[in-house]
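Chemist: Let me begin by handing over the structure; questions about it come next.
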Amino acid sequence: MKALASLRTERPLLWRAVATIVLVGIALVVSDQVSALTDYYLADAAAMSIVMVGLSFLTGLSGQVSLGHGAFMGVGAYTAAIWAVHHAHTPIVANLALATVVGALVGLLVGLPATRLRGPYLAGMTIAIAVAFTSIISEFGSWTNGDQGLALPTPVAPPRWLVQYLHSTPKAGRPGNMWLADIAIVTAGIAFFFMANLFRSRTGRAMRLVRENEVAAEIAGVSLPRARVLAFVVAAACAGLGGGLTTMVAGSVAPSSFELGLSIEILTLLVIGGIGTLSGALIGGLLYAYSSSWITSLVNATGLKPTSNLAASLDGIIFGGLLIIFVLLAPLGLVGTARLVVARRLRASRTSEARARPSTTT
Amino acid sequence: MDAFLTSRVVTDILEGIVQGVVIGLVALGLVLVWRATRVLNFALGAIATLAAYLGMGLLSYHVGFWWCFVLCIPFGMVLGGATERIVVRPLYGKPELNPIVAMVGLLFLLEAVVGAIWSTTTRAIPVPFSFIHWTLGGRPFALSPLSVFQICAALVLALAIGALFRFTQLGLQLRATAHAPETSRLLGVRVSRMLTLGWMLSCSVGAVAAVIVAAGFATGLTPSEMEAPFAIGFIAAAVGGLDSPVGALVGGVAFGVIEQFVTDYLNANLVLPVALGILILALVLRPQGVFSRPVARRV
């Protein structure tokens with residue numbers, strides 16, 4: 001235990017690598033054992049947590065709000081889908097890299113004017129992007145097939161490295177493409193390892209300073225525009241990657257999946273998990289994957305008619321209500337609040353020890 | 001003359017104004033709240049829609065159209081005041097992100113509540129005005145009794161708000177609160193009430209805008225009816241300057257006309273992208289807004 005703790009403080013890079021490999025390994029083993037449906041949820045959660053870790057970096061660290069993250073995700077999703085439709089034999093990894101790069105480019109495009117905008121203005125601009133996204137998709141109907149969306153060709157066989165190193169093969173009694181979940185988990189592992197280092201890096205610290213005090217950051221030699229744009233590029237690249245992954249896991253893409261509601265759902269679940277943290281993003285991703293099935297079972301449990309108006313709007317009521325409640329009562333989210341409670345406990349026990357000591361010595 | 005008045009350009013301008021008054025009202029609603037409390041009310045569209053549903057819901061109790069229309073205003077006021085007291089008030093002085101996130105949550109919540117109560121299907125409002133366009137020299141003119149009603153309703157409301165701010169004691173207090181809250185408090189202005197009142201006014205303006213949108217030909221009440229007007233209304237307010245009510249109204253009407261030209265000459269899908277482009281251009285050239293003065297940021 002002590003060795004682990006010292007590893008964490010003295011060799012952080014190695015610690016993060018070990019932690020990532022262990023977590024990815026556990027997830028892969030779990031993914032191997034569970035039912036096909038749970039496997040799909042895991043894949044969805046992995047993809048979504050990549051999107052959320054990007055937003056966690058952008059909003060939590062650099063303090064810029066994006067209410068249009070669903071649109072960035074849509075950019076990645078459509079990039080991957082359009083490419084896969086036209087070049088069915090492209091390796092999956094190359095296609096995901098393409099989605100990431102295109103996402104990053106769009107992030108650069110949005111991030112440049114964002115350097116001139118702060119707080120509410122930026123939030124308003126990104127919400128307009130989220131609202132505009134579906135009409136932009138319809139505008140390029142010849143590529144995106146408009147409202148019908150695109151169905152991806154059946155994915156080619158799993159990449160050789162996946163079979164070779166992870167022995168990931170089509171499992172008995174499962175759809176043949178369940179190795180996609182393994183891809184999603186490994187990708188999420190790589191993305192989280194990268195982001196964990198970025199959070200703790202010089203860049204990450206600079207971002208925090210920009211959020212807390214712009215003037216101090218400038219005095220310390222941080223270029224504000226560069227820090228802001230960089231945060232956008234990183235967040236959009238994550239969203240593009242996550243969007244590309246969700247598309248591959250789902251096997252299709254349609255504009256109705258990328259309406260304003262998606263952006264708000266992403267933000268809600270990240271705020272619940274804990275914005276500005278890595279584990280908060282992970283929790284957010286898991287919540288996202290399971291939320292719709294939980295809401296369905298809630299509808300069944302309460303005896304509501306699934307076709308009733310209330311059942312159809314229940315997700316909005318729950319997400320919207322939770323978002324308000326968390327902002328008012330626990331703005332740090334589950335992870336942040338838990339950390340706060342632990343820190344308070346530690347401090348309280350330390351002060352009580354300190355108080356107890358003089359009385360024993362005298 | 002008739003040929004000129006029925007030409008494509010004039011038709012686009014007039015139809016653009018009809019759309020623009022709604023955008024202008026949304027922008028005005030945003031500015032009223034922003035000036036008073038420095039919160040951007042992302043839930044304005046949803047609050048306005050709920051108020052419009054409540055007001056127009058009275059139609060099924062055999063209340064006349066005009067009564068329903070007028071009653072939307074107090075419904076908007078109550079909802080706006082409640083929002084300020086319950087959701088926004090605890091967040092003053094908190095990080096900038098918190099009120100934004102809370103308002104987005106409220107937007108989502110209220111849209112869902114409207115859908116849960118009234119379903120998401122479009123409901124037509126029986127407006128006592130014909131949507132059939134007048135003709136001039138045998139050619140259709142851009143306006144109809146309905147669109148004149150839409151423009152007049154917006155104009156009357158905007159003038160009433162303007163008169164309230166310009167000529168009444170209450171308006172002076174509201175302006176003083178927005179300008180210098182501490183000094184106003186020392187001089188005996190009930191600042192906290194003024195903040196609530198700002199929200200009430202803003203949401204009643206939004207409610208009227210929501211009814212005007214729903215009254216339009218081929219539209220009606222839907223839970224998400226205000227999403228697109230809100231997005232463009234925000235852009236108009238940001239371009240005009242979030243501190244300037246006149247800028248918001250003028251910007252709104254201008255964006256309505258631009259929207260109509262883009263729809264007519266290019267494509268309806270390009271309306272928001274074009275508006276975004278204008279916003280980005282305007283903010284890069286004049287970040288404080290076209291109609292407001294730059295303010296030094298406190299260090």
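The values are calculated or read from the model by the stated rules, or taken from the named source; none is laboratory data. No experiment lies behind these values; they were computed from the predicted model shown. Glycine also receives a Cβ, built like all others from the backbone with ideal geometry; neighbour counts cover every protein chain displayed.
Chemist: So the check is Cβ under 8 Å with 6+ separation or different chains; which pairs have a first residue in segment A:131-153 that's away from chain B (no Cβ under 14 Å) and a second one that's assigned to a loop (DSSP other than H, G, I, E, B) and surrounded by fewer than 16 Cβ atoms within 10 Å (Cβ to Cβ)?
Modeler: Between residues of segment A:131-153 that are away from chain B (no Cβ under 14 Å) and residues that are assigned to a loop (DSSP other than H, G, I, E, B) and surrounded by fewer than 16 Cβ atoms within 10 Å (Cβ to Cβ), the close pairs are A:153/A:88.
Chemist: Out of A:283, A:318, report the one residue that is within 14 Å of chain B (Cβ to nearest Cβ), in a helix (DSSP H, G or I) and among the β-branched types (Val, Ile, Thr).
Modeler: Working: A:283 fails: within 14 Å of chain B (Cβ to nearest Cβ).
Testing whether each residue is within 14 Å of chain B (Cβ to nearest Cβ), in a helix (DSSP H, G or I) and among the β-branched types (Val, Ile, Thr) leaves just A:318.
Chemist: Yes or no: residue A:42 under 30 Å from residue A:214 (Cβ atoms) and crowded, with 24+ Cβ neighbours inside 10 Å?
Modeler: Values: under 30 Å from residue A:214 (Cβ atoms): no; crowded, with 24+ Cβ neighbours inside 10 Å: yes.
So residue A:42 fails the test.
Chemist: Count, please, the residues in segment B:1-47 that happen to be touching a strand residue (DSSP E or B) at 6+ places or on another chain (Cβ under 6 Å) and in a loop (DSSP other than H, G, I, E, B).
Modeler: So the answer is 1.
Chemist: Continuing with this model, one more query. Yes or no: residue B:102 under 30 Å from residue A:62 (Cα atoms), facing chain A (nearest Cβ under 9 Å), hydrophobic (A, V, I, L, M, F, W, C) and part of a helix (DSSP H, G or I)?
Modeler: The answer is yes for residue B:102.
Chemist: Let me ask something else. Just name the residue that is nearest to the other protein chains (Cβ to nearest Cβ) out of those in segment B:136-152 that are under 19 Å from residue B:257 (Cβ atoms) and in a loop (DSSP other than H, G, I, E, B).
Modeler: Here the answer is B:142.
Chemist: Now, a different point. Looking for something free of Cβ contacts under 8 Å to residues at least 12 places away in the same chain, on the phi > 0 side of the Ramachandran plot and out of contact with any helix residue (DSSP H, G or I) (no Cβ under 8 Å at 6 or more places or on another chain) - is there at least one such residue anywhere in segment B:171-184?
Modeler: No, segment B:171-184 contains no residue that is free of Cβ contacts under 8 Å to residues at least 12 places away in the same chain, on the phi > 0 side of the Ramachandran plot and out of contact with any helix residue (DSSP H, G or I) (no Cβ under 8 Å at 6 or more places or on another chain).
Chemist: Among the candidates B:28, B:79, B:32, B:71, which residue alone is surrounded by 17 or more Cβ atoms within 10 Å (Cβ to Cβ), more than 14 Å from chain A (Cβ to nearest Cβ) and without any contact (Cβ under 8 Å) to a residue 60 or more places away in the chain?
Modeler: B:71
Chemist: Quick one: is residue B:107 buried (at least 20 other Cβ atoms within 10 Å of the Cβ) and under 17 Å from the mean Cα position of the chain (by Cα)?
Modeler: Yes; evaluated as a whole, the condition is true for this residue.
Chemist: Between A:281, A:289, A:356, which is farther than 15 Å from residue B:105 by Cα and not assigned by TED's automatic domain parsing to the domain that holds residue A:52? Break it down into steps so the answer makes sense when it comes.
Modeler: Details: A:281 fails: not assigned by TED's automatic domain parsing to the domain that holds residue A:52; A:289 fails: not assigned by TED's automatic domain parsing to the domain that holds residue A:52.
A:356 is the lone residue from the list that is farther than 15 Å from residue B:105 by Cα and not assigned by TED's automatic domain parsing to the domain that holds residue A:52.
Chemist: Right, residue B:63: within 26 Å of residue B:125 (Cβ to Cβ) and without any contact (Cβ under 8 Å) to a residue 12 or more places away in the chain or not? Explain how you work it out, then say what you get.
Modeler: Working: within 26 Å of residue B:125 (Cβ to Cβ): yes; without any contact (Cβ under 8 Å) to a residue 12 or more places away in the chain: yes.
Criteria met by residue B:63.
Chemist: How many residues does segment B:110-135 contain that are facing chain A (nearest Cβ under 7 Å), farther than 14 Å from residue A:127 by Cβ and surrounded by 23 or more Cβ atoms within 10 Å (Cβ to Cβ)?
Modeler: 1
Chemist: Next question, about the same structure. Does segment B:181-193 contain at least one residue that is closer than 30 Å to residue B:12 by Cβ and surrounded by 15 or more Cβ atoms within 10 Å (Cβ to Cβ)?
Modeler: No - not one qualifying residue is present in segment B:181-193.
Chemist: Tally the residues that are farther than 17 Å from residue B:227 by Cα and in contact with a Leu (Cβ under 9 Å, 6 or more places away or on another chain), restricting the search to segment B:103-136.
Modeler: Residues in segment B:103-136 being farther than 17 Å from residue B:227 by Cα and in contact with a Leu (Cβ under 9 Å, 6 or more places away or on another chain): 14 in total.
Chemist: Then there is this: Would you check if residue B:52 is touching a strand residue (DSSP E or B) at 6+ places or on another chain (Cβ under 7 Å), of a type in the set (A, V, I, L, M, F, W, C) and either surrounded by 24 or more Cβ atoms within 10 Å (Cβ to Cβ) or at negative phi (or both)?
Modeler: Taking the combined requirement at face value, the residue satisfies it.
Chemist: Quick check: is even one residue across segment A:46-60 among the aromatic types (Phe, Trp, Tyr), in contact with a Phe, Trp or Tyr (Cβ under 8 Å, 6 or more places away or on another chain) and buried (at least 23 other Cβ atoms within 10 Å of the Cβ)? Quick ask: steps written out before the conclusion?
Modeler: Going through segment A:46-60, the residues among the aromatic types (Phe, Trp, Tyr) turn out to be A:57.
Now restrict to residues that are in contact with a Phe, Trp or Tyr (Cβ under 8 Å, 6 or more places away or on another chain): A:57.
Those still in the list that are buried (at least 23 other Cβ atoms within 10 Å of the Cβ) too: A:57.
Scanning segment A:46-60 turns up at least one residue that is among the aromatic types (Phe, Trp, Tyr), in contact with a Phe, Trp or Tyr (Cβ under 8 Å, 6 or more places away or on another chain) and buried (at least 23 other Cβ atoms within 10 Å of the Cβ).
A quick yes/no check of all residues on (1) modelled with pLDDT under 90; (2) charged (D, E, K, R); (3) touching a strand residue (DSSP E or B) at 6+ places or on another chain (Cβ under 6 Å); (4) assigned to a helix (DSSP H, G or I):
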position: A:180; (1), (2), (3), (4): yes, no, no, yes
position: A:195; (1), (2), (3), (4): no, no, no, yes
position: A:199; (1), (2), (3), (4): no, no, no, yes
position: A:203; (1), (2), (3), (4): yes, no, no, yes
position: A:218; (1), (2), (3), (4): yes, yes, no, yes
position: A:221; (1), (2), (3), (4): yes, no, no, no
position: A:235; (1), (2), (3), (4): no, no, no, yes
position: A:245; (1), (2), (3), (4): no, no, no, yes
position: A:263; (1), (2), (3), (4): no, no, no, yes
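Chemist: With A:252, A:308 as the choices, which residue is away from chain B (no Cβ under 14 Å) and surrounded by fewer than 22 Cβ atoms within 10 Å (Cβ to Cβ)?
Modeler: A:252
Chemist: If you don't mind, another one. Residue B:248: touching a helix residue (DSSP H, G or I) at 6+ places or on another chain (Cβ under 8 Å), touching a residue at least 40 places away in the same chain (Cβ under 8 Å), farther than 26 Å from residue B:85 by Cα and assigned to a helix (DSSP H, G or I), yes or no?
Modeler: no
Chemist: Moving to a separate point now. Among the residues of segment B:82-93, what is the count of those that are facing chain A (nearest Cβ under 7 Å) and surrounded by fewer than 20 Cβ atoms within 10 Å (Cβ to Cβ)?
Modeler: Residues in segment B:82-93 being facing chain A (nearest Cβ under 7 Å) and surrounded by fewer than 20 Cβ atoms within 10 Å (Cβ to Cβ): 1 in total.
Chemist: Can you find even one residue in segment A:43-53 that is modelled with pLDDT under 90 and assigned to a helix (DSSP H, G or I)?
Modeler: no
Chemist: Please go through segment A:54-76 and pick out each residue that is part of a helix (DSSP H, G or I) and more than 14 Å from the chain's Cα centre (by Cα). Please lay out each step first, then the result.
Modeler: We begin by selecting, within segment A:54-76, every residue part of a helix (DSSP H, G or I); these are A:54-61, A:69-76.
If the condition is that a residue be part of a helix (DSSP H, G or I) and more than 14 Å from the chain's Cα centre (by Cα), then A:61, A:75 are the ones that fit.
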